[in-house]
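Each value in this text was obtained by applying a stated rule to the coordinates, not by laboratory testing. Remember, predicted model here, so these are calculated numbers, not experimental data. We place every Cβ from the backbone using ideal geometry, glycine too, and count neighbours over all the protein chains shown.
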Ligand SMILES: [Zn+2]
């Protein structure tokens with residue numbers, strides 16, 4: 001991957017190319033930033049840049065044999081470690097068990113999150129792991145001589161999955177064999193052993209700027225500028241989320257949410273069979289859109305509730321406008337902050353179960369009643 005393919009993040013690109021260009025690249029780097037910010041894309045571009053045989057000031061050449069291999073993620077001196085689940089044997093899994101799927105996943109979306117990846121390798125409900133056995137593989141790889149380049153590069157995607165296994169790597173990160181570079185990619189630094197943090201040079205990466213997300217969407221999708229702007233606004237600098245919105249039927253989500261909450265609100269009226277039949281119609285509809293779109297819908301709903309909370313607190317939302325803003329303002333005046341929080345909790349739980357292959361019909365019905373009970377509380381509070 002080349003830096004020019006990485007969305008936004010100009011400051012970080014300049015920093016990384018500066019370091020690599022002057023030969024002052026630290027032997028262990030930690031790229032720390034929120035999901036969807038392009039950490040992995042930056043690491044891939046940096047690896048390619050370091051190994052490029054004809055590097056320019058601001059990017060790799062993209063055509064030398066080293067670049068060609070890096071672009072296919074098959075360079076023999078670039079090693080990848082990422083969370084995996086057990087495959088067939090009872091032996092602890094290692095990343096190379098899944099290297100083919102990994103290359104495919106990188107080629108299709110370097111902004112993916114851990115769940116996208118784990119689901120793509122059939123993890124279902126299983127947790128991903130970076131095992132002690134994988135750590136021994138890393139040490140073995142780093143101690144081999146380089147095949148083609150001056151440097152061996154080890155990229156560890158989501159080092160938080162190392163957990164205690166990280167102890168195995170302390171020594172090699174502190175005193176790495178000559179010409180080796182570790183690039184650790186981290187989203188949640190509190191899950192990383194302090195002893196690892198202290199052995200790496202930390203580079204903080206921020207969420208992507210809205211205008212950069214917008215421009216990237218316009219390049220990839222046939223959509224008008226306003227739609228791209230809107231998706232950028234509600235994606236919060238997470239390009240993976242922006243892609244989901246752009247690929248899914250994002251525009252329908254606000255209306256779908258509006259109808260759902262109205263249905264739930266009306267459930268308060270026990271005597272009306274008509275109200276529950278409207279809800280069941282809605283559940284039928286959401287059940288048909290597929291799990292991925294249900295997740296996108298729930299992410300949107302969570303985003304919307306957060307904006308409602310901001311309106312409660314500060315009287316305004318910078319991310320919403322038009323009908324959405326009207327609806328959010330109405331809701332935030334009707335509900336107390338603790339009710340908004342309760343709704344977010346319900347939706348987070350629902351997301352969790354949908355993601356883990358729960359039955360959507362059952363889940364959406366039962367959670368609609370939970371939401372209705374939060375609304376009921378509203379009457380108690382305002383009475
Ligand atoms: Zn090159």
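Brief remarks on what is shown
- The chain: relative contact order as a whole-number percent, Cα under 8 Å and 6+ apart: 17
- Counted by neighbouring Cβ atoms within 10 Å, the residues 295, 219 run from fewest to most as 219, 295.
- Mean separation of Cα contacts under 8 Å, 6 or more apart, over the residue count of the stretch 291-345: relative contact order %: 39
- Degrees between helix 10-21 axis and first principal axis of the chain (Cα, 0 to 90, nearest 10): 10
- The angle between the Cα long axis of helix 337-355 and the main principal axis of the chain comes to about 60°, on a 0 to 90 degree scale.
- In degrees, nearest ten, helix 210-220 long axis to first principal axis of the chain (Cα): 80
- Relative contact order of the stretch 172-315, defined on C-alpha pairs under 8 angstrom at six or more residues apart (%): 17
- With a simple spin-label model that places each label point 7 Å from the Cα along the Cα-to-Cβ direction, the separation between residue 361 and residue 288 comes to 1.3 nm.
- Shown for 256, 42: other C-beta atoms within 10 Å of each C-beta, ranked fewest to most, produce the order 256, 42.
- Shape of the stretch 3-206, Cα gyration tensor, a/c cut at 1.5: rounded
- Among 169, 40, 261, 162, the order by Cβ neighbours within 10 angstrom, fewest to most, reads 261, 40, 162, 169.
- The chain: Rg to Rh, with Rh as the Kirkwood radius over Cα pairs: 1.03
- Annotation: average projected area of the stretch 248-382 is 7.8 square nanometres, based on the convex hull of Cα atoms across all directions.
- Estimated [θ] at 222 nm from DSSP helical runs (n ≥ 4, -39500 (n - 2.57)) normalised by residues in the chain, nearest 500: -17500 deg cm²/dmol
- Antiparallel DSSP beta bridges within the chain, as percent of all bridges there, nearest 5: 5
- Taking 37 °C and 0.692 mPa s as conditions, the stretch 54-121 diffuses translationally at an estimated 240 µm²/s according to Stokes-Einstein applied to its Kirkwood radius (Cα pairs).
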